[in-house]
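The values are calculated or read from the model by the stated rules, or taken from the named source; none is laboratory data. These figures come from a predicted structure and were not determined experimentally. Heads up, the Cβs are rebuilt from the backbone with ideal geometry, glycines too, and the neighbour counts pull from every protein chain shown.
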Amino acid sequence: MSMTDSSSTPSTTDLMTTAAAVRPGRRGFLKLALAGAAAVPAASALSACATGGGSGSSGQATVAGQQKSDSNPFGIDPKATVDVVIFKGGFGDQYGIDAGKAYDTLWKGSGVAKVTSTTKINTQLQPRFVGGNPPDVIDNSGADSISFAGIQDKVETLDDLLEAPAIGFEGKKVKDVLIPGATDPGTFDGKLLQMNYFYTVYSLWYGAKLFKDNGFTAPTTWDETMALGEKAKSKGLSLFVFGGQNAASYYHEFAISMAVRQGGKDVLTPLEKLDKDSYQQDSVQAAFKAIKAAVDAGYFLPGGSGMIHTQAQTQFVQGKALLYPSGSWLENEMIDITPQGFEMTSLQVPALGASPKLEKGFHGAAGEPFIVPKGKNPAGGKEFLRVMLSKDAASNTSKLVKSATVVQGTVPDDGFGSTALASATKIQNAGLSEVYDWRYNTFYGMGKDIVTIWNTFLSGGSSVQQLTSSLQGLSDKVREDPSIKKFSVS
């Protein structure tokens with residue numbers, strides 16, 4: 001996936017989807033329906049009266065609903081179609097299709113959830129916003145996502161979703177079952193406008209079998225990382241690989257993550273505020289210099305500047321490079337070509353020096369933002385998200401894509417047999433009290449420029465000083481542009 005930021009899930013058009021063998025059958029959907037029955041009785045059993053059709057802010061008539069109640073918190077018409085569009089990126093679209101089937105089963109098989117997918121969210125859906133007929137739910141992700149700043153006033157607030165009964169969690173509301181901080185990326189001016197669904201653990205990744213076969217030990221500090229690079233080089237292997245054409249920014253995330261772990265969360269404040277000299281902070285400079293040392297030592301696989309991310313990741317899973325910084329979507333994205341027994345494993349980013357301020361800290365973020373436009377059936381859209389956030393749907397999703405959702409307690413210790421999911425979940429569980437995240441590069445659309453800047457740096461074409469100057473210049477340009485709305489930083 002191409003990662004342009006730290007909070008949205010990166011995309012790829014050459015998706016490798018999950019094998020059909022791991023998809024649950026009809027019994028799984030019935031289990032979801034039964035779990036939800038305690039909280040949401042069948043549509044035919046609802047003692048609700050119809051209300052008149054209203055009008056969304058787009059001007060089109062909304063569908064007639066029913067009276068709101070604990071069993072029908074949004075007052076949906078169970079026979080009304082819910083139009084759902086899923087971004088078909090590194091997570092695929094099967095989890096969304098399954099959620100649609102679960103929605104239909106829960107509401108007595110009315111067959112009303114219409115789930116489609118695309119990689120061209122903006123191209124295909126922006127005209128529908130303009131025409132006043134947007135879908136009811138949009139997974140607004142990927143390189144071709146719709147600029148949220150442009151549609152912020154055209155989406156529903158989702159605070160009532162958080163207050164709704166959670167399906168499969170007796171006596172709890174949706175907000176009670178979410179991972180701490182799950183709603184932060186989608187909250188603007190105190191209102192929840194986006195419900196991010198997947199929880200990404202950003203880390204270094206390695207193949208445990210390759211390490212065992214070569215007698216390598218996973219590094220915990222930067223000194224150990226450099227020592228591993230020398231051992232790898234002696235065996236004709238590289239320490240790192242990068243996809244410079246669209247994913248050199250993975251190393252921006254890696255650098256900032258190491259800097260925050262070393263210097264603490266306060267390192268993020270100047271970056272988020274677009275302050276002058278924000279990249280001159282000691283721990284940020286230490287991270288840049290560390291990566292530069294690896295570049296100068298020849299520890300990067302040659303040819304990275306001409307690769308896209310999936311090509312670089314292919315080199316990684318083929319054992320030509322030992323370490324790769326990425327999010328926890330990596331296993332699913334490469335599932336079709338990763339050798340059996342590779343044992344993909346998540347590793348906390350190394351400490352840059354002694355006594356890092358965040359000993360167990362990690363970069364974790366809720367990504368893959370779902371929105372409910374102000375359109376024909378917003379009540380149905382919110383109910384669809386409630387089904388996605390149910391215990392069984394979240395568990396099914398994690399099993400399918402080998403990545404956690406924002407719903408707590410839905411991934412077993414063995415990660416459904418996935419070393420990647422199990423190891424990422426272990427890091428997550430140990431470090432949630434020290435988790436950190438940022439969004440300045442996403443919110444301000446810096447992604448493509450950051451890719452170019454880091455591609456040059458990782459290719460050996462710029463110094464630490466030039467890297468710093470280029471990144472700071474990008475930040476300064478946004479700060480000085482009065483036409484760009486800035487988000488507040490506490």
Would the range 242-253 turn up any residue that is at pLDDT 95 or above, surrounded by fewer than 24 Cβ atoms within 10 Å (Cβ to Cβ), among the hydrophobic types (A, V, I, L, M, F, W, C) and assigned by TED's automatic domain parsing to the domain that holds K212?
no
Residue check: is G65 surrounded by 17 or more Cβ atoms within 10 Å (Cβ to Cβ) and within 26 Å of the chain's Cα centre (by Cα)?
no
Flagged in the range 79-105 as assigned to a loop (DSSP other than H, G, I, E, B), buried (at least 22 other Cβ atoms within 10 Å of the Cβ) and touching a helix residue (DSSP H, G or I) at 6+ places or on another chain (Cβ under 8 Å), in numbering order, are G90, F91
Give the range 295-309 a look and list any residue that's more than 14 Å from A248 (Cβ to Cβ) and part of a helix (DSSP H, G or I), or say none.
D296
Select from the range 414-425 the residues that are in contact (Cβ under 8 Å) with a residue 12 or more places away in the chain and surrounded by fewer than 21 Cβ atoms within 10 Å (Cβ to Cβ) and write down the one among them that is nearest to S346 (Cα to Cα).
T419
Among the residues of the range 165-212 satisfying the criterion of being of a type in the set (A, V, I, L, M, F, W, C) and out of contact with any Leu (no Cβ under 9 Å at 6 or more places or on another chain), which is farthest from K233 (Cα to Cα)?
F169
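Per-residue answers, yes or no, for (1) within 28 Å of F370 (Cβ to Cβ); (2) within 23 Å of the chain's Cα centre (by Cα); (3) at pLDDT 95 or above:
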{"residue": "Y197", "(1), (2), (3)": "yes, yes, yes"}
{"residue": "F211", "(1), (2), (3)": "no, no, yes"}
{"residue": "T221", "(1), (2), (3)": "no, no, yes"}
{"residue": "S257", "(1), (2), (3)": "yes, yes, yes"}
{"residue": "G264", "(1), (2), (3)": "no, yes, yes"}
{"residue": "L268", "(1), (2), (3)": "yes, yes, yes"}
Do we have any residue at all in the range 338-347 that's touching a Lys or Arg at 6+ places or on another chain (Cβ under 9 Å), of a type in the set (G, A, S) and assigned to a loop (DSSP other than H, G, I, E, B)?
yes
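So that you can scan it fast, the table gives a plain yes or no per residue for (1) in the same structural domain as P339 (by TED's automatic domain parsing); (2) under 30 Å from Q340 (Cα atoms); (3) touching a residue at least 60 places away in the same chain (Cβ under 8 Å):
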{"site": "G131", "(1), (2), (3)": "no, no, no"}
{"site": "N140", "(1), (2), (3)": "no, no, yes"}
{"site": "S145", "(1), (2), (3)": "no, no, yes"}
{"site": "V155", "(1), (2), (3)": "no, no, yes"}
{"site": "Q194", "(1), (2), (3)": "no, no, yes"}
{"site": "F211", "(1), (2), (3)": "yes, yes, yes"}
{"site": "E224", "(1), (2), (3)": "yes, yes, yes"}
{"site": "S234", "(1), (2), (3)": "yes, yes, no"}
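The rows are residues; the columns are (1) crowded, with 21+ Cβ neighbours inside 10 Å; (2) modelled with pLDDT of 95 or more; (3) of a type in the set (A, V, I, L, M, F, W, C).
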| residue | (1), (2), (3) |
| --- | --- |
| W107 | yes, no, yes |
| V130 | no, no, yes |
| V137 | yes, yes, yes |
| D144 | no, no, no |
| I151 | no, no, yes |
| I167 | yes, yes, yes |
| F188 | no, no, yes |
If I ask for residues that are of a type in the set (A, V, I, L, M) and farther than 16 Å from F169 by Cβ, which ones from the range 373-415 would you list?
A379, L400, V401, A404
Assigned by TED's automatic domain parsing to the domain that holds F416 and either within 21 Å of the chain's Cα centre (by Cα) or touching a residue at least 60 places away in the same chain (Cβ under 8 Å) (or both): does that describe L347?
no
Subset tally (residues that are of a type in the set (S, T, Y) and modelled with pLDDT of 95 or more) for the range 437-490
9
